[in-house]
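Before any comments, here is the structure.
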Amino acid sequence: MDLDRTLGRPILRSYLREQTSDLHQRLDAQVGSFASVAQYRAFVGQSLTFRRMAEPVCAGFAPWNALSLIDDMASDLADLDGALPLSSPSPVVLRDPAARLGALYVLEGSSLGARLLFRRAEALGFTERFGARHLARQSGDRERWRAFVELLDASTFAPSAVAAGAVLLFEAALEIYGEALIG
Ligand code: HEM
């Protein structure tokens with residue numbers, strides 16, 4: 001694990017990645033490889049359900065605002081002729097600012113994987129203007145992730161309290177993405 005050389009403590013980003021890597025792997029396996037339009041459509045619907053739940057609970061963490069992808073996801077779903085999801089899972093309960101920072105790590109970090117997912121969606125014929133606008137937008141701003149990692153690594157919260165929020169949100173995502181694929 002990387003260490004902050006001045007303080008001898010683990011770099012928070014590396015710690016969070018390590019603490020959530022099993023959950024992330026399970027999520028990858030659930031989401032699948034977009035082998036068909038139906039699979040991609042199901043992914044977009046599940047992502048919309050997830051972000052509708054997660055974005056509001058992560059809001060209000062000054063000095064960071066999570067990127068909102070809800071409108072772009074709804075437009076993508078309409079392009080894909082998908083019905084808007086009806087399910088609204090209970091919001092995760094983030095007990096303190098440390099947990100909220102950990103949850104934000106999950107939302108912001110998902111932009112890294114979005115680059116790969118955008119290429120997979122392109123292979124199905126979707127673009128930044130049709131069907132895959134949320135993935136294009138999410139992966140379009142590399143500076144944003146760099147800035148977020150700086151915020152993370154400057155934090156003085158107990159790493160375990162931040163990781164608790166990240167784990168909670170990953171577990172909620174696993175439940176949502178694990179729901180039966182919609183036609
Ligand atoms: C099939 C679906 C997914 C794939 C293939 C995938 C793939 C990836 C890849 C390749 C990275 C590392 C990129 C890099 O280091 O440049 C990454 C990072 C990350 N992804 Fe995913 N991802 C997927 C879905 C998700 C979802 C749905 C979430 C959250 C709900 C998520 C959360 C994260 C987080 C937090 C990181 C940052 C890890 C770090 O600190 O480096 N991913 N993903």
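Figures for the structure shown
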{"read-out": "Number of the exception - Pro97 against (1) touching a strand residue (DSSP E or B) at 6+ places or on another chain (Cβ under 8 Å); (2) closer than 16 Å to Val149 by Cβ; (3) surrounded by fewer than 21 Cβ atoms within 10 Å (Cβ to Cβ)", "value": "(2)"}
{"read-out": "Breaking point among (1) away from the ligand (no atom under 12 Å from the Cβ); (2) at pLDDT 95 or above; (3) not charged (D, E, K, R), for Ser155", "value": "(2)"}
{"read-out": "Those helices (runs of 4 or more DSSP H) lying entirely in region 1-94 with at least 2 residues modelled with pLDDT of 90 or more, among the acidic types (Asp, Glu) and surrounded by 12 or more Cβ atoms within 10 Å (Cβ to Cβ)", "value": "12-31, 70-79"}
{"read-out": "Conditions (1) among the basic types (Lys, Arg); (2) within 14 Å of the ligand (Cβ to nearest atom); (3) in contact (Cβ under 8 Å) with a residue 60 or more places away in the chain; number of the one not met by Arg100", "value": "(2)"}
{"read-out": "Count of region 24-50 residues which are on the phi < 0 side of the Ramachandran plot and near the ligand (Cβ under 9 Å from one of its atoms)", "value": "11"}
{"read-out": "Within region 107-143, considering residues that are under 14 Å from the mean Cα position of the chain (by Cα) and either β-branched (Val, Ile, Thr) or within 15 Å of Arg13 (Cα to Cα) (or both), the one surrounded by the fewest Cβ atoms within 10 Å (Cβ to Cβ)", "value": "Leu112"}
{"read-out": "Residues of region 68-78 that turn out to be among the hydrophobic types (A, V, I, L, M, F, W, C) and out of contact with any helix residue (DSSP H, G or I) (no Cβ under 7 Å at 6 or more places or on another chain), as a count", "value": "1"}
{"read-out": "Top-ranked residue of region 105-132 - restricted to ones that are in a helix (DSSP H, G or I), farther than 14 Å from Glu171 by Cα and in contact with a Phe, Trp or Tyr (Cβ under 8 Å, 6 or more places away or on another chain), ranked as farthest from the ligand (Cβ to nearest atom)", "value": "Ala123"}
{"read-out": "Among the residues listed as Ala164, Ala172, the single one being crowded, with 16+ Cβ neighbours inside 10 Å, among the small types (Gly, Ala, Ser) and within 12 Å of the ligand (Cβ to nearest atom)", "value": "Ala172"}
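The values are calculated or read from the model by the stated rules, or taken from the named source; none is laboratory data. Since this is a predicted model, take the numbers as computed values, not measurements. Cβ sites come from the backbone with ideal geometry, for glycine too, and all protein chains shown count toward neighbours.
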